[in-house]
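Asks: Structure in C-alpha cells, see below.
The values are calculated or read from the model by the stated rules, or taken from the named source; none is laboratory data. Since the structure is predicted, the reported quantities are computational estimates derived from the model, not experimental observations. Using ideal geometry, Cβ is built from the backbone for each residue, glycine included, and neighbour counts are taken over all protein chains shown.
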Amino acid sequence: MKFTQASRREMDSVAEDFPGQMGFYVEDILSGEYHQHKANSRYPTASVCKVPVMIELFRQSVEGRIRLDQRQRLGSHISHHGTGTLKMLKDDPELTLYDYARLMIGVSDNMATDTVMESVGLQNVNATMDELGYPNTRTSMTMSQWHYTIAGLQHLDQTADNNDYVHKRLVEGHLDHGGIGYTDSVGSNVTTPREIASIIKRLYLGDIVSASASEAMIELLKGCSDRSMIPLHLSSSTLVAHKIGSSTRIKADVGIVYLSTGPMVVSGMTLADDGQNDPGEAAIAEIVRLAIKGVSAESK
C-alpha cells in the first residue's frame, strides 16, 4: 500500500484546519509505508492511558508477581466519575483482575481502571514504558485523580463525599481547562501519536511482554465497543482492535484496522480549543477514511 501525495495532503489539511492541536500517525504494517503529522508532540490521553496500564498488568502476570485470576473487591474510595458500568453496582462487587481489564478496555470503565492501577502501581507502568523506549508515554494519575484535577479540585482528599462534590462540579461544567490535566505535562497522562502507535504495532507483532501476552492484549482491544472515531467510516464487518480516549476537549483513538490489504496501525490525538468539545472525533475518523480511501472496500 502506498499513500498518494493527494491523500497525504488531504490528511494534513484535516490536522491543519483543526480548531486546536492535532497529531496523527498511520502505517501500513506490511509495507512499512507511513504518514504522520505532529506525531512526536505530546498530547493528553484521556482513557488511552489504559493501554500502558494493561501492558503493565500482563507484564507482572508473566513475571509471576500478580495473577490475572486474582479476585479483588472494588474499593469504596474509588471515584465514580466518567465512563463505565461498575459505578452502577452498589453491593461491593468482587471481580478478577482480568475482568477488570476487560471492562477497562472494552467499555473504558474508570473504576475498573483505578483498581488495576492500584494493583500494578503507576510508577511501574512508567518504568516499563521507559524500558520499552517510550519516554513521552506517561500515566501519572489514576482516573480518580485526573477527574479531581480537571475539576480544579486536586487539593481535596479522595473520599466518598468529595467524589460526589467533584461529580457535581463536572456535571455543572466547572472544568479547569488551564490546569495540568489538559496539558502535555509528564505529570499528567500523556503520550505522542508515534509512541502509542508503535506500542500498538508491537502488540500486533507479539513484541511486548511475550507473544502470548501480546495476543491476549490485542484480543482485549478488539473488544472496545466505541465506534465514534477509528471505526466510524468502516463497514461493520471490518475488524478493529483499538482504545479510545474522550473527555470534553480531548479526543484520541489508537489501534489496528484489519483491512483486506493488510493491517494498518492508526493513532490520532486532538486537543480542541476551549469551547470546542466535539470536533476531534470527526477529525480522527476522517484521517482513517482518507488513509484507506481507494485501498479496499472497507471504507464506506
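Asks: Give the residue that is nearest to E195 (Cα to Cα), with candidates limited to residues of the stretch 228-278 that are within 13 Å of the chain's Cα centre (by Cα) and outside any strand (DSSP E or B).
Replies: Looking at residues that are within 13 Å of the chain's Cα centre (by Cα) and outside any strand (DSSP E or B), I get I230.
Asks: With respect to the numbered conditions (1) under 30 Å from R289 (Cβ atoms); (2) of a type in the set (A, V, I, L, M); (3) buried (at least 18 other Cβ atoms within 10 Å of the Cβ), which one is the sole condition not fulfilled by I78?
Replies: The one condition I78 does not meet is (1).
Asks: Scan (1) touching a residue at least 24 places away in the same chain (Cβ under 8 Å); (2) assigned by TED's automatic domain parsing to the domain that holds H242 for the single condition M129 breaks and write down its number.
Replies: Only one criterion is unmet by M129, namely (2).
Asks: Also: What's the number of the condition S225 fails, among (1) crowded, with 19+ Cβ neighbours inside 10 Å; (2) under 16 Å from the mean Cα position of the chain (by Cα); (3) over 19 Å from L57 (Cα atoms)?
Replies: (1)
Asks: Assess whether G255 counts as being within 18 Å of M11 (Cβ to Cβ), surrounded by 22 or more Cβ atoms within 10 Å (Cβ to Cβ) and at pLDDT 95 or above.
Replies: When the stated conditions are applied, G255 passes them.
Asks: Can I ask one more? Which numbered condition in (1) outside any loop (DSSP other than H, G, I, E, B); (2) over 20 Å from T113 (Cα atoms) is the only one that V166 fails?
Replies: (2)
Asks: If I go through the stretch 139-163 residue by residue, how many of them are of a type in the set (F, W, Y) and free of Cβ contacts under 8 Å to residues at least 60 places away in the same chain?
Replies: 1
Asks: If G178 satisfies every condition in (1) under 19 Å from P44 (Cα atoms); (2) surrounded by 14 or more Cβ atoms within 10 Å (Cβ to Cβ); (3) not hydroxyl-bearing (S, T, Y) but one, which is the exception?
Replies: Condition not satisfied by G178: (2).
Asks: Which residue, of V240, V186, V209, is assigned by TED's automatic domain parsing to the domain that holds W146 and either surrounded by 20 or more Cβ atoms within 10 Å (Cβ to Cβ) or β-branched (V, I, T) (or both)?
Replies: Being assigned by TED's automatic domain parsing to the domain that holds W146 and either surrounded by 20 or more Cβ atoms within 10 Å (Cβ to Cβ) or β-branched (V, I, T) (or both) holds for just one of V240, V186, V209, which is V186.
Asks: Any residue at all in the stretch 88-104 that is assigned by TED's automatic domain parsing to the domain that holds Y165, surrounded by fewer than 20 Cβ atoms within 10 Å (Cβ to Cβ) and under 20 Å from W146 (Cα atoms)?
Replies: no
Asks: Then there's this: For the stretch 38-84: of the residues being basic (K, R) and outside any loop (DSSP other than H, G, I, E, B), which is farthest from Y165 (Cα to Cα)?
Replies: Step by step, filter the stretch 38-84, then rank; the result is R59.
Asks: What residue, of D273, D278, is at pLDDT below 95, among the charged types (D, E, K, R) and touching a strand residue (DSSP E or B) at 6+ places or on another chain (Cβ under 6 Å)?
Replies: D273
Asks: For the stretch 61-73, indicate whether the set of residues that are of a type in the set (D, E), touching a Ser or Thr at 6+ places or on another chain (Cβ under 6 Å) and within 20 Å of G255 (Cα to Cα) is non-empty.
Replies: Checked the stretch 61-73: no residue is of a type in the set (D, E), touching a Ser or Thr at 6+ places or on another chain (Cβ under 6 Å) and within 20 Å of G255 (Cα to Cα).
Asks: Moving on. Please enumerate the residues belonging to the stretch 164-223 that are aromatic (F, W, Y) and either without any contact (Cβ under 8 Å) to a residue 24 or more places away in the chain or within 18 Å of E131 (Cα to Cα) (or both).
Replies: Correct list: Y165 only.
Asks: Continuing with this model, one more query. Across the stretch 85-110, which residue is farthest from F58 (Cα to Cα) among those that are at pLDDT below 95 and in a helix (DSSP H, G or I)?
Replies: M88
Asks: Are there any pairs, at least 6 apart or on different chains, whose C-beta atoms fall under 7 Å, with the first in the stretch 90-102 and over 13 Å from M54 (Cβ atoms) and the second assigned to a helix (DSSP H, G or I) and among the aliphatic types (A, V, I, L, M), and if so, which?
Replies: Correct list of pairs: P93/L86.
Asks: Say whether the condition of being touching a Pro at 6+ places or on another chain (Cβ under 7 Å) and modelled with pLDDT of 95 or more is met by at least one residue in the stretch 195-214.
Replies: For the stretch 195-214, residues touching a Pro at 6+ places or on another chain (Cβ under 7 Å) and modelled with pLDDT of 95 or more: present.
Asks: Going through D28, D12, D69 one at a time, which residue ends up being crowded, with 18+ Cβ neighbours inside 10 Å and of a type in the set (D, E)?
Replies: That would be D28, the only listed residue that is crowded, with 18+ Cβ neighbours inside 10 Å and of a type in the set (D, E).
Asks: Quick one: M269 ticks every box in (1) in contact with a helix residue (DSSP H, G or I) (Cβ under 9 Å, 6 or more places away or on another chain); (2) surrounded by fewer than 24 Cβ atoms within 10 Å (Cβ to Cβ); (3) over 18 Å from T83 (Cα atoms) bar one, so which box is it?
Replies: Of (1) in contact with a helix residue (DSSP H, G or I) (Cβ under 9 Å, 6 or more places away or on another chain); (2) surrounded by fewer than 24 Cβ atoms within 10 Å (Cβ to Cβ); (3) over 18 Å from T83 (Cα atoms), only one is false for M269: (2).
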